[in-house]
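The values are calculated or read from the model by the stated rules, or taken from the named source; none is laboratory data. All values derive from a computational prediction rather than experimental measurement. A quick note on method: Cβ atoms are made from the backbone with ideal geometry, for glycine too, and the neighbour counts reach across all protein chains shown.
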């Protein structure tokens with residue numbers, strides 16, 4: 001049981017005690033009412049009983065006042081316990097927030113590295129495309145490279161939280177660089193490289 005739960009239990013227990021005392025006070029009042037007339041009209045036995053009831057009423061009043069003071073003090077202690085608990089929870093949340101920002105920053109560093117790699121890799125691929133053209137293959141053309149490359153980039157980036165900044169492609173229009181190059185390579189291999197190396201003729205002869 002934590003401090004808040006303990007303080008709540010004390011308040012609840014004192015409240016129950018007050019309820020009992022209030023009921024007892026009502027009983028005292030009823031008993032006094034029943035004896036008052038007789039006690040003040042010469043009935044000595046009734047007067048003796050009333051004196052005891054009055055003394056009990058005085059004691060009961062003090063007890064009620066004392067209990068109410070205890071309830072106020074217990075309530076203040078409960079408020080303090082709740083405030084302390086709220087402070088502990090807030091500090092724990094602040095630590096979690098710091099840890100979340102640490103992870104957030106780490107991911108930002110990784111994302112910047114990935115973007116830098118993407119830039120460097122794409123420029124390197126453009127250099128290889130220029131080499132492919134210089135070595136006798138017009139395919140893929142520069143325009144194909146740009147058009148389908150943009151589609152491949154959009155296909156990936158449309159899955160990020162910044163998707164609204166990029167063109168949304170239908171499933172049939174989505175591309176990947178790996179599949180693009182594999183398809184272009186297969187076509188160039190069949191229509192350009194293999195014939196120039198005489199490999200197709202060798203395969204037929206075999």
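Taken over segment 1-27, the residue count meeting the criterion of being closer than 17 Å to residue 72 by Cβ and under 37 Å from the mean Cα position of the chain (by Cα) is 7. So which residues in segment 112-142 are touching a residue at least 12 places away in the same chain (Cβ under 8 Å) and outside any helix (DSSP H, G or I), if there are any at all? 136, 137, 139, 140 - these are the residues of segment 112-142 that are touching a residue at least 12 places away in the same chain (Cβ under 8 Å) and outside any helix (DSSP H, G or I). Does segment 159-166 include one or more residues that are in contact with a helix residue (DSSP H, G or I) (Cβ under 6 Å, 6 or more places away or on another chain), farther than 15 Å from residue 177 by Cβ, assigned by TED's automatic domain parsing to the domain that holds residue 197 and surrounded by 12 or more Cβ atoms within 10 Å (Cβ to Cβ)? Yes. Taken together, the criteria exclude residue 70 from residues that are assigned to a helix (DSSP H, G or I) and surrounded by fewer than 14 Cβ atoms within 10 Å (Cβ to Cβ). None of 109, 4 is in contact (Cβ under 8 Å) with a residue 40 or more places away in the chain and not in a loop (DSSP other than H, G, I, E, B) except 4.
Only residues that are over 20 Å from residue 15 (Cα atoms) and free of Cβ contacts under 8 Å to residues at least 24 places away in the same chain were counted in segment 45-64, giving 11.
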